[in-house]
Amino acid sequence: MPCRRGNVLRTFRSRQSPFVSRNIYVLALESSADDTCAAVVSSNRKILSNVVAHQFQDQEKWGGIHPMISTECHQKRMPGTVRMALEESGMDMDSIDGIAFTRGPGMVSCLNVGANAAKTLAAALNKPIVGVHHMQAHALTPFLTSENPPQFPFLALLASGGHTMLLLATSPVSFKMLANTADVSIGNAFDRVSRELKIPWGEASGSARIGAGPMLEKIAAKHPTSNPYSFPELPLAMQGSLGFSFGGLVSSVQRLITKLGPAATEDSATQAAIAHAFQHAAVGQLQEKLMLALRSCERRGIAVKTVVASGGVASNMYLRSCVESTMKTLGIAVQYPPISLCTDNAAMIAWASMDRFLRGDVDPYDITVKPKWDLGELHAPPE
Ligand code: AMP
Ligand code: ZN
């Protein structure tokens, strides 16, 4: 019945928002990488639920994210995760005004799990949908969580398992890429070095595990910083240019481990010293690029007052203290989402969709995912 479907799509495309005078409630789904997430968030910044099903145990033996395992885990867990998010929020689908999902970037088969669940649920229940850019959502999280949200323009440092980028944000939908990684992401580098150092994954509460990156941070913290390294300092990559590279750093650590032999992984002091040296070099690269980006903004007359650091690696305490001390010297404030919202979550996806739901500027049910999605092509609000 094409006619009926056309009417429904036209209604949802309408720019007249049906929700303007009250709070609205969004159910959001995120499945772009290795976390299956669902959350319910209201337009007055309340996170009613935020459920994350990690895949640590499933992925551990692969030493990275295996797309097929990840897709299978999302397929198994998405229904239960959505159920739990609704139960924890105390809401049912009748009270949900719209459904948001991560449209990209990410692994296509993973993105499709969340997108198809969201679209089918929305079509069956006659609810509007919005497809969200994952990195925009990371950058906008402080607007959901902070008492004192950043003023535009600000710099967003997004350091995650899939990305390392510096963005200049001039509005909620206007982001200019200032620096990107030429090879692997900083999160991937932490995970690979942790594996090379044979650092075991840790136990957290219940059956949860602490992954490779946070475990490397824990081991690195055991190195007494007053102690000089007994090996050469690891190099800072691409010095003086606005771009990241972590591949060479990982190779340097691999060469160092080979040179030191079994002591590198079996002697805890040596293992901690290498972990610290790697973390120091990786974070040093972020600090240098932040300084370069700020100088470049200053030259162009752009007054940046805040840096927002988000993504899983931004929960690293060494990174936070180094970035904060560098920025303090320049009078720049640093904001982070709470640690639980630095890593992938659906609350940030719900929040990034909110403005579009409020404007009634929603997507059609036949929308497809965008595994590669340039932040410069974000959906701009209609004139
Ligand atoms: P995301 O892709 O935003 O979910 O972030 C996941 C990535 O962040 C993975 O590569 C993790 O190993 C890394 N990560 C999470 N916490 C930390 C930490 N405390 N230190 C270093 N890396 C971390
Ligand atoms: Zn992410």
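The values are calculated or read from the model by the stated rules, or taken from the named source; none is laboratory data. This one's a predicted model, so the numbers in the text were calculated from it and none came from an experiment. All Cβ positions, glycine included, derive from the backbone under ideal geometry; neighbour counts span all protein chains shown. Please note that ligands, DNA and RNA were not included when accessible areas were found on the heavy atoms of the full protein model with its side chains. Shrake-Rupley method; radii C 1.70, N 1.55, O 1.52, S 1.80 Å.
List residues of region 95-137, by number, whose backbone nitrogen lies under 19 Å from a label position 7 Å along Cα→C-beta of MET68. Under 19 Å, as judged by backbone N against the label point of MET68, lie 107-113 of region 95-137. Considering only protein heavy atoms and a 1.4 Å probe, what is the carbon-and-sulfur percentage of the accessible area of region 295-383? About 55 percent, which is the carbon plus sulfur part of the accessible surface.
In the frame of its principal axes, region 149-336 has Cα extents of 53, 41, 30 Å, reported largest first. Each residue was assigned an accessible area with a 1.4 Å probe, and for ASP355 the value is about 90 Å².
To the nearest ten degrees, helix 67-89 and the longest principal axis of the Cα atoms of the chain are 60 degrees apart. Note on MET238: accessible area approximately 80 square angstrom, rounded to 10, probe 1.4 Å, nucleic acids and ligands left out.
Placing a pseudo-label 7 Å from each Cα along the Cα-to-Cβ vector at GLU147 and ALA263 gives an inter-label distance of 5.0 nm.
Near ILE367, no amide H atom lies under 5 Å from its own; only residues 5 or more places off or on other chains count, and H is placed 1.01 Å from N.
Close amide H partners of GLY98, meaning residues 5 or more places away or on another chain with modelled amide H under 5 Å apart, are TYR25, LEU27. Relative to the longest principal axis of the Cα atoms of the chain, the long axis of helix 134-145 makes an angle of roughly 80 degrees.
In the context of the full set of protein chains, region 149-336 has a per residue accessible area of 43 Å² (1.4 Å probe). Our coupling estimate for region 175-187, obtained by passing each phi through the Karplus curve with A = 6.51, B = -1.76, C = 1.60 and θ = phi - 60°, is 10, 10, 6, 9, 8, 9, 8, 7, 9, 8, 7, 5, x Hz, Gly and Pro reported as x.
From the cross-link list LYS305/LYS372; LYS176/LYS305; LYS176/LYS289; LYS198/LYS259; LYS119/LYS176, which pairs have alpha carbons spaced over 22 Å apart?
LYS305/LYS372; LYS119/LYS176
Out of all DSSP beta bridges in region 149-336, what portion is antiparallel? Express it as a percent rounded to 5. Around 65 percent antiparallel, to the nearest 5. For the chain, the longest principal axis of the alpha carbon atoms and the long axis of helix 268-299 meet at an angle near 60°. Accessible-area rank, largest first, for ASP183, ASP34: ASP183, ASP34, with all protein chains present and a 1.4 angstrom probe. Amide H to amide H, with H built 1.01 Å from N, GLN335 comes under 5 Å of VAL307, VAL308, ALA309, counting only residues 5 or more places away or on other chains. Most tightly packed first, judged by the mean number of other beta-carbon atoms within 10 Å of their residues, the peptides 225-231, 191-197 read 191-197, 225-231.
Taking K and R as +1 and D and E as -1, what net charge do the other residues with C-beta under 12 Å from the C-beta of VAL250 add up to?
Result for the neighbourhood of VAL250: 0.
Percent relative contact order of region 149-336, based on C-alpha pairs within less than 8 angstrom and at least six residues apart?
28
Counting only other residues whose beta carbon sits under 14 Å from that of ILE219, what net charge do I get with K and R as +1, D and E as -1? Summing Lys/Arg as +1 and Asp/Glu as -1 gives -1.
Sorting GLU266, GLU288 on solvent-accessible area from highest to lowest, probe radius 1.4 Å, gives GLU266, GLU288. Just name one of MET84, SER194, ASN148: the one whose Cα is farthest towards the positive end of the charge dipole of the chain (beta-carbon charges, Lys/Arg +1, Asp/Glu -1). Sorting the options by dipole projection puts first ASN148. Computed with every protein chain present, the accessible area of LYS176 is close to 100 Å² [probe 1.4 Å]. Beta bridges per DSSP, both residues in the chain: antiparallel share near 60 percent.
In terms of accessible area, using a 1.4 Å probe and ignoring ligands and nucleic acids, ARG255, ARG45, ARG356, ARG103 rank largest first as ARG255, ARG45, ARG103, ARG356.
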